[in-house]
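The values are calculated or read from the model by the stated rules, or taken from the named source; none is laboratory data. Just so it is clear, the structure is predicted and the values come from calculations on it, not from any experiment. Cβ atoms come from the backbone with ideal geometry, glycine included; neighbour counts cover every protein chain shown. Calculation scope for accessible area: heavy atoms of the full protein, side chains included, ligands and nucleic acids excluded. Shrake-Rupley method; radii C 1.70, N 1.55, O 1.52, S 1.80 Å.
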Amino acid sequence: RFSPDGGKMLVGLLDASVRVIHRDSLKVHLTLYGHKLPVLCVGASSDGTICASGSADKSVKLWGLDFGDMHRSLRAHTEPVTALAWVPRTHYLFTAGKDRLIKLWDADTYQLIHALRGHHAEVWSLAVSR
């Protein structure tokens, strides 16, 4: 995934880290450590201030993109987190997991807003329109 300004790449790795890489030079800007299992999905808020990462460890971590500080670790799902998508021009975040749930979070208050139930299988992809 790319940051909203296109200047950085966000990469989730099997070593349970997230790398933020400058697109033009391919130099590592930040390495974010905190997950215990591989990172399966990453994305940046539309204002480029927050990075979210979802992992096989069932958590979503919220990071500051300026300095790489972890804002919060959310116990997001009961199974691995497989996808995430930011709502444009907000700090609302959708997450999906192997637990067949889609959840909407407020990344400023770290609160769960709503859980969408009804899928009969794992959810592997999310998209949010403008």
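Can residue 108 be described as open to solvent by 30 Å² or more (accessible area, probe 1.4 Å), closer than 21 Å to residue 18 by Cβ and either touching a helix residue (DSSP H, G or I) at 6+ places or on another chain (Cβ under 8 Å) or among the acidic types (Asp, Glu) (or both)? Yes, satisfied. Considering region 30-45 alone, what residues qualify as being surrounded by 16 or more Cβ atoms within 10 Å (Cβ to Cβ) and either over 13 Å from residue 7 (Cβ atoms) or out of contact with any Ser or Thr (no Cβ under 6 Å at 6 or more places or on another chain) (or both)? Listed by number, the residues that qualify are 30, 32, 34, 35, 39, 40, 41, 42, 43, 45.
Could you go through region 47-61 and let me know if any residue there is among the β-branched types (Val, Ile, Thr), closer than 15 Å to residue 2 by Cα and touching an Asp or Glu at 6+ places or on another chain (Cβ under 8 Å).
Quick first cut of region 47-61, residues among the β-branched types (Val, Ile, Thr) only: 49-50, 60.
Next, only the ones that are closer than 15 Å to residue 2 by Cα stay: 49-50.
Next, only the ones that are touching an Asp or Glu at 6+ places or on another chain (Cβ under 8 Å) stay: 49.
Yes, there is a match, as at least one residue in region 47-61 is among the β-branched types (Val, Ile, Thr), closer than 15 Å to residue 2 by Cα and touching an Asp or Glu at 6+ places or on another chain (Cβ under 8 Å).
Residue-by-condition table, conditions (1) surrounded by 12 or more Cβ atoms within 10 Å (Cβ to Cβ); (2) farther than 19 Å from residue 44 by Cα; (3) among the polar types (S, T, N, Q); (4) modelled with pLDDT of 95 or more:
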{"position": "87", "(1), (2), (3), (4)": "yes, no, no, yes"}
{"position": "94", "(1), (2), (3), (4)": "yes, no, no, yes"}
{"position": "104", "(1), (2), (3), (4)": "yes, no, no, yes"}
{"position": "118", "(1), (2), (3), (4)": "no, yes, no, no"}
{"position": "121", "(1), (2), (3), (4)": "no, yes, no, no"}
{"position": "126", "(1), (2), (3), (4)": "yes, no, no, no"}
{"position": "129", "(1), (2), (3), (4)": "no, no, yes, no"}
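Taking region 68-85 only, how many residues are open to solvent by 30 Å² or more (accessible area, probe 1.4 Å) and either of a type outside the set (D, E, K, R) or outside any strand (DSSP E or B) (or both)? Counting residues in region 68-85 that are open to solvent by 30 Å² or more (accessible area, probe 1.4 Å) and either of a type outside the set (D, E, K, R) or outside any strand (DSSP E or B) (or both) gives 7.
The lone criterion from (1) in a strand (DSSP E or B); (2) small (Gly, Ala, Ser); (3) surrounded by fewer than 20 Cβ atoms within 10 Å (Cβ to Cβ) left unmet by residue 54 is number (3). Only residues that are crowded, with 17+ Cβ neighbours inside 10 Å and within 25 Å of residue 21 (Cβ to Cβ) were counted across region 58-67, and they come to 6. Applying the condition of being touching a Cys at 6+ places or on another chain (Cβ under 7 Å) and at pLDDT 95 or above to region 54-80 and asking which residue is nearest to residue 102 (Cα to Cα) yields 54. Here residue 64 meets each of (1) free of Cβ contacts under 8 Å to residues at least 40 places away in the same chain; (2) more than 19 Å from residue 4 (Cβ to Cβ) with one exception, condition (2).
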